[in-house]
Amino acid sequence: MAILPTSTNPFKVFTPESMSATDAHALFVDPFTDFNKIREPGHTIVDGPRGCGKSMIFRYLLPDCQCLALSKKLDSISFLAFLVSIKNTAPNLTEFRRLKDKHAELILNEHLLVIFSASKVFQSLSNLELPKTPSVLSEVRRYYVDIFSQSLHNSGGNAPDLAKDCKSAQDVFRFIMKICDKLHAEVAQYARSLAFVADDAVPYTSALCGYTDFLLPLLNSLPCLSFLPTAPVYLLVDDADYLSYPQTLTLNSWISTRTKVSIKVSTQLQYKTYQTPSGLPIQAPHDYQSINIA
């Protein structure tokens with residue numbers, strides 16, 4: 001049993017996302033026998049009502065907690081997980097409803113979800129304790145030029161030159177996060193501009209990033225960095241019920257794609273659909289493992 005300091009307010013509400021690794025590790029209790037299935041590589045959808053511990057499980061899977069729980073260094077843990085929390089900052093723009101039943105709706109919603117996820121990944125990387133050595137900085141600079149910049153170029157965008165004040169790996173990852181946030185702001189601004197025209201005939205001229213041509217190359221290249229584990233990458237999409245219907249279709253298409261990246265999804269038993277944009281459903285256990293912790 002975890003004992004909190006006497007100065008801690010016993011009535012304070014703790015959210016897993018805001019917990020330190022020390023607190024999350026101290027308070028985590030393995031809630032059910034299927035927990036190890038979530039830890040294993042492969043796509044997983046975890047269903048359960050609010051408050052049953054789904055977010056706490058995802059918090060425990062993050063690298064800082066894994067290092068603490070296993071007494072291992074970052075480059076030695078068995079998977080590298082990133083949290084994409086939908087509930088508090090949902091990439092669900094109501095303005096996109098004006099594009100309903102149009103091809104652009106799916107394309108723009110995938111771009112929005114991809115950029116939102118990428119921003120969370122690089123925010124997480126920028127918060128890790130990484131070696132502050134010239135070799136590590138050189139590695140991350142090459143990652144920016146060879147992987148991120150090239151992937152953005154392939155998606156119709158242009159990455160700026162790396163800022164001169166990027167003097168650590170964390171600085172470079174934070175720089176990438178800000179580029180993703182700028183792309184997110186651009187598509188959000190475009191969505192809002194649709195409210196001022198009658199026929200939605202507003203051309204979109206910024207980058208369009210997809211899962212396979214942008215996000216996957218970024219994630220697949222991370223284990224090649226010497227200071228990160230040579231292990232599977234997990235994308236933890238928490239509270240996926242808050243995604244819009246087109247974004248849920250998009251996420252399902254990611255799950256239907258067999259890649260080295262494992263997508264772990266949590267829902268509050270209100271997941272909007274298991275269909276993909278092509279109309280075909282994702283099914284357990286063929287496409288993902290289904291776990292209900294109600």
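The values are calculated or read from the model by the stated rules, or taken from the named source; none is laboratory data. What you are looking at is a predicted structure, and each value in this text was computed from that prediction instead of being measured. So basically every Cβ, Gly included, is an ideal-geometry build from the backbone, and we count neighbours across all protein chains shown. We work out accessible area using only protein heavy atoms, side chains counted, and drop any ligands, DNA or RNA first. Shrake-Rupley method; radii C 1.70, N 1.55, O 1.52, S 1.80 Å.
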*At a Förster radius of 35 Å, what calculated FRET efficiency corresponds to the Cβ-Cβ distance of Leu269 and Ala69, to the nearest 0.05?*
0.80
*asked:* Taking 0.36 nm per residue of sequence separation and subtracting the Cα-Cα distance, how much length would be gained by fully extending the chain between Ser168 and Asn36, in nm to one decimal?
replied: 44.0 nm
*Measure off, as a whole percent, the carbon and sulfur share of the 1.4 Å-probe accessible area of segment 225-294, all protein chains present.*
52
*Determine ³J(HN,Hα), in whole Hz, for all residues of segment 149-156 in sequence, where each value follows from phi through the Karplus function 6.51 cos²θ - 1.76 cosθ + 1.60 and θ = phi - 60°; x replaces Gly and Pro.*
4, 5, 5, 5, 4, 5, 9, x
*Using a Förster distance of 41 angstrom, determine the FRET efficiency expected from the C-beta separation of Ala195 and Asn154, and round it to 0.05.*
0.85
*Percent relative contact order of segment 185-294, based on C-alpha pairs within less than 8 angstrom and at least six residues apart?*
21
*Mind checking segment 107-162 for trypsin sites (Lys or Arg not before Pro) that DSSP puts in a loop (not H, G, I, E or B) and that have at most 12 other Cβ atoms within 10 Å?*
Lys132
